[in-house]
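Read the structure below first, then the notes.
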Amino acid sequence: MTPIFAMLFVTLFQAALENKLMAEYCSADTTHKILCPRCGSEHTIKNGSTHNGKAKNQCKSCGRQFVINPSKKSVSEETKQLIDKLLLERISLRGIQRVTGVSWSWLQDYVNNKFSQVSRQIEVSGKSKGKLIIECDELWSFVYSKKHKFYVWLAIDRITREIIGCYIGDRSRNSARKLWNSLPCVYRQCAVAYTDFWESYKTVIPSKRHRAVGKETGQTNHIERLNNTLRQRISRLVRKSLSFSKNLQNHIGAIWYFIHDYNSRLACN
């Protein structure tokens, strides 16, 4: 074979091969079209790659950017609702992660955002002025480490069992005043308050309506029982636990989150 015919043969062979590859590409392109996960449009184009090398696509119809078979998938609303319920039970965040299968970083961000939005004000049913009886007490809890104690000050309505006041801080007179100020006005004006003999209560609650009593009288049984419920339902408050809060704002948010759910359940009964 002469050199001219050899060169012609190679040229024709390369052209045929390119035509075959182009035909296969077009065939594959028409049979395996990439659909937009948001709107279902077939009008998608390649748009670079992610930091880990996966090809990105963009929908020309709605503008959504996406990758095929992403390793990180969005968390469903059903899973979020399950997490909201689990946050009200005595289960740690690590336990919630294992149950739901979400990533630790996503769960921590979700919980931080949720607790930061929880209202720090009591929502109780309407009360008419008259003889109201409340019980007040405080329980200690850990934050940061077991060397740092923060006290949860609580007040409840003896008749309805609603939590009507709450403050998380130290065990000083100022914290007792913050608890008293958190009560609805009708309670501050009319209620008789039963407490233990902690001195801070005497300087804050009007003396004519303050009753300092011992546990043996049974006058603070309901608030003492609520303290036990809190320790049973909120893992952050368990006496001997590794689930104590590492962040004060999350600690406060978790307690308020439980209080709102607790009162809403009482209202439904």
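For this structure, a couple of remarks:
- Scanning the stretch 168-181 for residues that are assigned to a helix (DSSP H, G or I) and charged (D, E, K, R) yields ARG173, ARG177, LYS178.
- Within the option set ILE205, ILE168, ILE159, being under 25 Å from ARG265 (Cα atoms) and either crowded, with 18+ Cβ neighbours inside 10 Å or charged (D, E, K, R) (or both) holds for one residue only, ILE168.
- Selection count where residues are part of a loop (DSSP other than H, G, I, E, B) and farther than 18 Å from PHE244 by Cβ, scope the stretch 85-104: 3
- Contact map, the stretch 81-95: residues that are at negative phi paired with residues that are assigned to a loop (DSSP other than H, G, I, E, B), Cβ distance under 6 Å, separation 6+ or inter-chain. Pairs shown: SER92/SER243.
- Just so you know, in the stretch 114-167 the residues that are of a type in the set (Lys, Arg) and in a loop (DSSP other than H, G, I, E, B) include one that is farthest from GLN189 (Cα to Cα), and it is ARG120.
- For LEU139, the test of being in the same structural domain as VAL238 (by TED's automatic domain parsing), closer than 18 Å to ARG231 by Cβ and touching a Cys at 6+ places or on another chain (Cβ under 7 Å) is failed.
- The set of residues from the stretch 171-192 being hydrophobic (A, V, I, L, M, F, W, C), without any contact (Cβ under 8 Å) to a residue 60 or more places away in the chain and crowded, with 16+ Cβ neighbours inside 10 Å comprises ALA176, LEU179, TRP180, VAL186, ALA191.
- Some residue of the stretch 66-73 being under 30 Å from TYR201 (Cβ atoms) and either not in a loop (DSSP other than H, G, I, E, B) or not assigned by TED's automatic domain parsing to the domain that holds LEU226 (or both): no
- Some residue of the stretch 120-130 being assigned by TED's automatic domain parsing to the domain that holds VAL192, in contact (Cβ under 8 Å) with a residue 60 or more places away in the chain, surrounded by 11 or more Cβ atoms within 10 Å (Cβ to Cβ) and among the β-branched types (Val, Ile, Thr): no
The values are calculated or read from the model by the stated rules, or taken from the named source; none is laboratory data. A quick note: this is a predicted structure, and the numbers were derived from the prediction, not measured. Positions of Cβ are generated from backbone atoms using ideal geometry, with glycine treated the same way; all protein chains shown enter the neighbour counts.
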